[in-house]
Amino acid sequence: MRDVYVAGIGITTFTRLEFALSEIASYASMMALKDAGVSEVDQVYVANMGAPRVNHQTALASAVVDSLSLTPAGAAAIENGPASGGSALKAGFQAVASGMEDVVLVAGVERMREVNNLEATDFVATLTHPIAEYIYGVTLPAHAAMFTRLYMDKYGVTERHLAMVGVKNQNAALNNEWAHLQQEITLEGILDSPEAMTNNPYVAEPLRFFDACPVSDGGAAVVLVSKEKALELGRPLIRLSGVGQATDTHAVHERVEPTDLLAVRKAAADAFEMAGLTPEDVDVAELHDAFTILEIAESEEVGFFPRGEGHLALERGDTALGGKIPINVGGGLKGRGHPVGATGVAQAWEIVTQLRGDGGARQVEDAKVGFTCNFGGFGNNVVCLTFVRED
Amino acid sequence: MSVDLEKILRPVDTPMAPYVPKYMLLASGEAVVVRPVERDEIPDILKHVEPLLHVERDYYDVVGARLYSELLAHYRHRYQDQYVLAVQIDGELAAVVNGRQVNPKLGMSLHTVALRRGLRVGAHAFAAKMEYHFDELGHDEVLVVAESPIGFRRWMIEYKLEKRFEVPHELGGVPSWALTRELFDAARSSLVVGRRPVPPELLDKAMDKILPPSDPPTPALDPLSATRSKYDPTATALMVERWAMERAEEASKDA
């Protein structure tokens with residue numbers, strides 16, 4: 001298997017975008033191609049979850065490759081729920097590592113704000129079990145709320161811990177010009193003041209408004225290349241060194257212990273094993289904080305902290321910029337936004353930005369090893385990746 | 001015989017109870033003051049409303065134009081029984097709300113415009129306005145309309161307003177809904193916040209000067225694209241156009 005490198009990255013602002021879906025993907029892709037210094041690619045993968053349902057568009061990859069004048073490159077769309085981005089990166093990795101392709105463009109895109117909030121929530125809920133969950137009205141906030149309640153009971157996580165994650169990540173987004181949320185929040189404003197319950201009402205108890213990521217439009221892209229091509233292009237050598245993917249039961253209630261995110265655990269372990277790394281080696285991480293509880297739970301499952309101690313690490317400041325293992329320094333899904341199909345690619349974009357030392361005010365000092373966890377379904381399909389800077 | 005037309009044209013305002021200022025904390029931790037606006041302060045607000053006429057998203061242009069005309073008419077004595085409240089953060093104008101009394105039992109909500117977004121500023125402003133109608137003016141219900149989907153969600157859905165489609169609203173174009181005292185009381189605990197009295201330093205800052213909004217709503221990005229995307233789903237033509245622009249930029253830099 002050949003080594004695979006990230007030669008170029010691109011992203012759009014995550015917000016409400018009044019652009020065609022393929023144009024959002026194309027804009028991010030153009031940035032990535034320009035960054036890499038390539039004008040031709042062998043293969044394009046486009047990660048997206050909702051185009052046919054939300055945007056009334058199928059065959060998205062064909063539209064994107066044409067928008068970019070990249071024909072006759074191969075092109076395919078990859079839909080794998082919120083893990084579409086990670087899955088497309090895995091496909092791109094396989095294409096280059098196998099020797100089949102030398103230059104692969106991986107783009108992720110979603111335009112969710114074309115529909116109203118209720119329709120967007122319903123669209124995301126279609127990833128749940130159609131007979132055991134969806135028909136009973138389960139939504140992702142509801143799933144996350146039940147998970148949070150169990151986690152609180154088992155490990156002593158409180159609403160204050162959840163709010164701390166929200167404040168940390170939303171305020172981190174202030175240092176990321178591409179992030180959706182550009183509003184500072186405080187614990188006083190969302191938790192402690194007499195107005196907090198109105199400013200930050202329950203969405204699905206115990207989760208409140210600021211515990212959830214925003215509904216966003218946006219696109220992100222990376223260019224994956226072989227080592228030979230990477231050396232030729234002369235960009236910083238960032239190697240995609242580990243890829244892990246795992247699944248769990250579709251219906252959450254079928255899990256022996258619903259607070260165990262087994263797919264996260266296995267995907268992370270596989271990625272670390274492939275890369276020859278351990279969680280202790282990671283300098284900066286992107287975890288899938290669609291809801292604040294997920295950052296805490298995933299930080300334990302991937303091995304950064306012992307089981308049930310993620311919230312204690314948060315209290316100590318271990319996960320903040322300057323802490324032991326800074327998590328979501330670009331805002332995460334909570335602050336950057338969560339255009340579902342784009343998220344996995346956006347996580348890679350952030351990590352490569354960090355490993356290149358281009359993070360500006362959010363830069364983790366001398367970051368050499370990065371990690372991403374792209375959490376699909378409610379933990380039933382997860383992709384973890386490791387990235388290493390080679391000086 | 002001479003006639004002083006101004007005496008005929010200028011409405012005589014009905015005496016209304018004063019709005020008592022209040023303050024609250026936003027999610028950002030910033031203190032926001034809600035206070036009544038005097039007639040001679042209206043020009044200070046108009047200059048911050050006028051730019052909204054050019055913001056073609058979320059109906060800011062329509063709402064901005066209507067609010068501008070209402071405030072101007074109020075300032076020049078051509079709108080009866082109107083009141084205006086300003087919402088300020090450290091003196092900065094964050095929202096404007098206005099309404100009027102139709103009769104001693106009926107109020108009419110005119111507009112709620114947030115100049116700072118994402119922190120429920122508009123929602124707090126609307127709640128303050130309704131609190132004034134019910135608690136100070138003694139109205140039994142308030143007629144409400146919405147121009148934007150955001151407004152519809154905030155007022156009609158969050159407050160569970162009743163339909164009053166048979167009653168015309170002065171804003172026209174959309175049917176009337178009503179916030180009754182019963183509905184308002186039901187919403188008080190979850191939607192209506194604020195503390196009184198306002199600490200003197202906060203109130204003084206607000207009264208001293210209406211400062212411009214630091215992050216006002218701006219026109220949508222690339223409106224050409226917004227229009228084209230409806231007809232050109234692959235946007236190929238637009239991409240080619242953009243590349244041409246980039247090439248021209250590069251060439252001008254080189255030159």
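Mind checking whether some residue in the range B:98-111 is within 14 Å of another protein chain (Cβ to nearest Cβ) and within 30 Å of A:Q183 (Cβ to Cβ)? No: the range B:98-111 contains no residue that is within 14 Å of another protein chain (Cβ to nearest Cβ) and within 30 Å of A:Q183 (Cβ to Cβ). Restricting the range A:1-42 to residues that are of a type in the set (F, W, Y) and in a loop (DSSP other than H, G, I, E, B), the residue that is nearest to the other protein chains (Cβ to nearest Cβ) is A:F19. Residue count for the range B:8-36 under the criterion of being away from every other protein chain (no Cβ under 14 Å) and assigned to a strand (DSSP E or B): the result is 2. Meeting the requirement of 1 or more residues that are free of Cβ contacts under 8 Å to residues at least 40 places away in the same chain and over 26 Å from A:A91 (Cα atoms), the helices (runs of 4 or more DSSP H) wholly within the range A:229-320 are A:292-301, A:310-316. Going through (1) surrounded by 18 or more Cβ atoms within 10 Å (Cβ to Cβ); (2) under 16 Å from A:T386 (Cα atoms); (3) touching a Cys at 6+ places or on another chain (Cβ under 9 Å); (4) not aliphatic (A, V, I, L, M) one by one, A:H180 falls short only on (2). Of the residues B:L53, B:L71, B:L46, the single one that is outside any loop (DSSP other than H, G, I, E, B), buried (at least 24 other Cβ atoms within 10 Å of the Cβ) and in the same structural domain as B:V193 (by TED's automatic domain parsing) is B:L71. Could you list, in sequence order, the residues of the range A:353-380 that are surrounded by 24 or more Cβ atoms within 10 Å (Cβ to Cβ) and assigned to a helix (DSSP H, G or I)? If the condition is that a residue be surrounded by 24 or more Cβ atoms within 10 Å (Cβ to Cβ) and assigned to a helix (DSSP H, G or I), then A:T353, A:Q354, A:L355 are the ones that fit.
Would you mind stating whether A:T71 is in contact with a Pro (Cβ under 7 Å, 6 or more places away or on another chain) and surrounded by fewer than 20 Cβ atoms within 10 Å (Cβ to Cβ)? So A:T71 fails the test. Mind listing whichever residues of the range A:22-67 are at pLDDT 95 or above and aromatic (F, W, Y)? The one that is at pLDDT 95 or above and aromatic (F, W, Y): A:Y45. Restricting attention to the range B:158-197 and to residues that are within 14 Å of chain A (Cβ to nearest Cβ) and over 22 Å from the mean Cα position of the chain (by Cα), the residue that is modelled with the lowest pLDDT turns out to be B:S189.
Could you grab me the full set of residues in the range A:167-206 that are aliphatic (A, V, I, L, M) and within 9 Å of another protein chain (Cβ to nearest Cβ)? Hits for the range A:167-206 are A:L181, A:I185, A:L187, A:I190, A:A196, A:M197.
Checking the stated criteria, B:V63 turns out to be more than 17 Å from B:G91 (Cα to Cα), touching a Ser or Thr at 6+ places or on another chain (Cβ under 9 Å) and away from chain A (no Cβ under 14 Å). For the range A:156-178, the count of residues that are among the hydrophobic types (A, V, I, L, M, F, W, C) and at pLDDT below 95 is at least one. Only one residue in B:A128, B:A86 is farther than 20 Å from B:L171 by Cα and within 14 Å of chain A (Cβ to nearest Cβ), so which one is that? So the residue among B:A128, B:A86 that is farther than 20 Å from B:L171 by Cα and within 14 Å of chain A (Cβ to nearest Cβ) is B:A128.
Here B:R39 fulfils each of the conditions (1) more than 19 Å from B:V174 (Cβ to Cβ); (2) in contact (Cβ under 8 Å) with a residue 60 or more places away in the chain apart from (2).
The values are calculated or read from the model by the stated rules, or taken from the named source; none is laboratory data. Treat the numbers as computed from the prediction; the structure is a model and nothing was measured. Every residue, glycine among them, receives a Cβ derived from its backbone with ideal geometry; neighbour counts consider all protein chains shown.
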